[in-house]
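Inspection log for the structure reproduced underneath, given as structure tokens.
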């Protein structure tokens, strides 16, 4: 979701006038695809991570549902992990506050996605609502 910021000149009063400027604000970041829900040939959501200072891929969040039109292109780039995956043995919750687990397929963590995120955070510090993810070269 895009955020909007409205600016006015310092000398202008607080009135609903058309001289104010409106700007869309979107926060984006890059993340590595570490796993998918669905299958490697038909990914539904992406489990994303970032490398920490020690070079270990840490889970950061899950994308919204992958658009059907983007699934085949992404599927063509996904591969089984070559060697031990950093998330081997991990379990992922299906939703906040539930014990239901996601059925995930670990992938080779070499695809970087550009992700639009909602910068609102929960008390625990996690992103509130990740947005769509798009492949990033």
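The label-point distance for residue 52 and residue 103, in a model that sets each label 7 Å from Cα toward Cβ, rounds to 3.1 nm. Take each peptide in 94-100, 42-48, count the other Cβ atoms within 10 Å of every residue, and average; sorted highest first, the result is 42-48, 94-100. Extension gain, residue 42 to residue 11: 0.36 nm times the residue separation minus the Cα-Cα distance gives 5.6 nm.
No value in this document is a laboratory result; all are computed from the given coordinates. Nothing here was measured: the structure is a model prediction, and the numbers come from that model. In this analysis, Cβ positions are derived from the backbone assuming ideal geometry, glycine residues included, and neighbour counts consider all displayed protein chains.
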